[in-house]
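Structure, as C-alpha cells:
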Amino acid sequence: MKSTGSTERSARAFWLREPGCGEIRDVGLPEPGEGDVVVRALYSGVSRGTETLVFRGGVPANQYGAMRAPFQDGDFPAPVKYGYLSVGVVEWGPGELLGRNVFCLFPHQTRYVVPASAVTLVPERVPAGRAVLAGTVETAVNALWDAAPLLGDRIAVVGGGMVGCGVAALLARFPGVRVQLVDADAGRAGVARVLGVDFALPEEALGECDLVVHASASEAGARRSLELLAHEGTLIEMSWYGDRVVGLPLGEAFHSRRLTVRSSQVGTVSPRARSGRTYGDRLALALDLLADPAFDVLLSGDTPFEELPELLPRLASGESGGLCHRVTYA
C-alpha cells in the first residue's frame with residue numbers, strides 16, 4: 001500500500017435532512033484497511049429521475065430495500081445520504097490504482113473509503129468529467145441486452161432524458177436500424193442530432209415500430225409508446241414511477257395486436273446477456289463506450305459541491321432543465 005497524498009479522516013457529504021431539504025455535513029472516514037482505497041472526488045452526477053424522486057420523498061415504503069444505493073447511509077424517506085455517480089482519484093490503496101481515476105457507486109461526498117473491488121478504472125481515453133455518465137450508459141447497456149434489437153428493426157426511444165438519450169446513443173451504433181428519439185421538448189432535437197439519430201415530437205413520431213424503449217416516466221409517454229408499436233411489437237419500459245400509479249390502455253387493440261410490455265432496470269444483469277456477464281463487466285463496458293465524445297452532449301451544467309442544497313430543489317421542481325447535472329469538487 002502506498003499513498004499519493006493526505007490520509008486525513010474527514011470529509012464533507014450531502015445529506016437529505018427531510019424530503020425537499022438537503023444539507024452539507026461533516027463526516028468522519030474509517031481507517032482504510034487491507035484491500036481498501038481512499039478516493040478523492042473529482043466529479044459526481046445527479047440522476048435527475050431517481051435522485052429527484054428521492055429528494056421529494058417519493059420512494060414507496062415497499063421499495064425502500066430495493067432502492068437502497070450501494071453506499072447509502074440512513075434510511076428512506078430521510079435523513080439519508082444517497083447517490084451513485086461518483087468519479088475520483090485514488091489517493092491511497094494498491095499500487096496499480098494509485099493516482100488513477102475511478103468510478104464508484106458512491107453518494108455526493110468529497111472523499112471516501114471503499115473496498116478496491118467497489119471501484120472501476122476509468123480508461124485513460126475517457127475524461128473524468130464524462131465518466132459520471134457511466135451509470136446512465138450502464139443502464140442503457142442493460143436495456144439493449146433486454147431489448148435485443150435486430151438488424152433492420154424500426155425503433156423509437158420515447159423520452160429524451162439521460163437514460164433515453166443514453167439508449168439512443170447506443171442504438172445509433174447498430175447497423176441497418178431506424179432510430180427516432182421522441183420527446184415533447186423540441187430542444188432535444190439538437191441532442192438527437194449530436195447522437196446521430198432522428199428526432200420527433202410525440203404527435204409526429206413514426207409508427208409501425210418493432211421495438212419502443214420508453215424512458216419518459218410519464219403516463220402520456222407510456223401510452224404513446226404502445227401506439228407506436230407494430231403488430232407483435234415490444235415495449236421495453238425503463239421508467240420508474242416511484243409512488244405514482246400509471247394507467248395503460250390494455251384493452252382496445254392491445255391483445256389483437258399481440259403486443260409485449262417488458263420492464264428493464266439496472267439492478268439485475270439482463271438474463272439475455274451472454275452467460276457469465278457480471279455487474280463489473282457491464283460497468284467496464286459502459287466506461288469503455290464513453291470514449292465517444294458525443295456523450296458530452298448529455299452533460300448540461302456544473303455546480304460546485306457546496307451548492308448542492310440549493311441545486312436539488314431546482315432540479316426536483318424542473319426549474320433547472322437539461323440532462324445530467326454535474327457536481328464539481330475543488
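Quick note: the coordinates plus some simple rules give every number you see, no bench work behind them. Keep in mind that what you see is a predicted model, and the values were worked out from it rather than measured. Positions of Cβ are backbone-derived with ideal geometry, glycine not excepted, and every protein chain shown enters the neighbour counts.
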Per DSSP H run of at least 4 residues, take -39500 (n - 2.57); add these up for the chain, divide by its residues and hand me the 222 nm value, nearest 500 deg cm²/dmol. -6000 deg cm²/dmol
Alpha carbons only, please: Rg and Dmax for the range 68-121, in angstrom. 12.0, 39
Cα centroids of the range 18-35 and the range 202-231: how far apart, whole angstrom? 41
Give the peptides 178-184, 143-149 in descending order of average Cβ contacts within 10 Å, highest first. 178-184, 143-149
Dividing the mean separation of Cα pairs under 8 Å (6+ apart) by the residue count of the range 20-123 yields a relative contact order in percent of 34
Percent relative contact order of the chain, based on C-alpha pairs within less than 8 angstrom and at least six residues apart? 19
Note: the range 123-162 at 25 °C, 0.890 mPa s; Kirkwood Rh on alpha carbon pairs; Stokes-Einstein D in µm²/s works out to 200
Report, please, the projected area of the chain averaged over directions, based on the convex hull of its C-alpha atoms, in nm². 16.6
I need the peptides 103-111, 32-40, 311-319 ranked by packing, meaning the mean over residues of other C-beta atoms within 10 angstrom, with the highest value on top. 103-111, 32-40, 311-319
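Going by how many other Cβ atoms sit within 10 Å of their own, how do 320, 117, 275 line up, fewest first?
Taking fewest neighbouring Cβ atoms as first place, the list is 275, 117, 320.
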Among the GluC sites (Glu not before Pro) within the range 178-213, which fall in a DSSP loop and have no more than 13 other Cβ atoms within 10 Å of their own Cβ? 208
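Looking at the chain only, what percent of DSSP beta bridges run antiparallel? Nearest 5 please.
60
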Taking only Cα atoms and a 10 Å spring cutoff, compute GNM fluctuations for the chain and point out the largest among 64, 82, 43. 64
Largest-first ellipsoid semi-axes for the range 1-135, taking √(5λ) over the Cα gyration tensor eigenvalues, angstrom: 27, 16, 12
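Exposure proxy check: 241, 84 ranked by fewest other beta carbons within 10 Å?
Ordered from fewest to most neighbouring Cβ atoms within 10 Å, 241, 84 come out as 241, 84.
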Roughly what % antiparallel, to the nearest 5, for the DSSP beta bridges in the range 101-217? 20
Net +/- balance of residues flanking residue 218 in space, Cβ distance below 10 Å, scoring K and R +1, D and E -1: +2
Rel. contact order, % - alpha carbon contacts under 8 angstrom, at least six apart, the range 136-263: 22
Square roots of five times the C-alpha gyration tensor eigenvalues of the range 136-263, ordered largest first and given in whole Å, equal 20, 16, 14
Report, in whole Å, the centroid distance computed from the Cα atoms of the range 57-109 and the range 275-330. 14
What do you get for Rg/Rh over the range 265-330 if you use C-alpha atoms and the Kirkwood form of Rh? 1.10
Burial ordering of 328, 136, 303, 260, fewest other beta-carbon atoms within 10 Å first: 260, 328, 303, 136
Along the charge dipole of the range 71-194, pointing to its positive end and built from +1/-1 on Cβ of Lys, Arg, Asp and Glu, which listed residue (192, 149, 80) has its Cα farthest out? 192
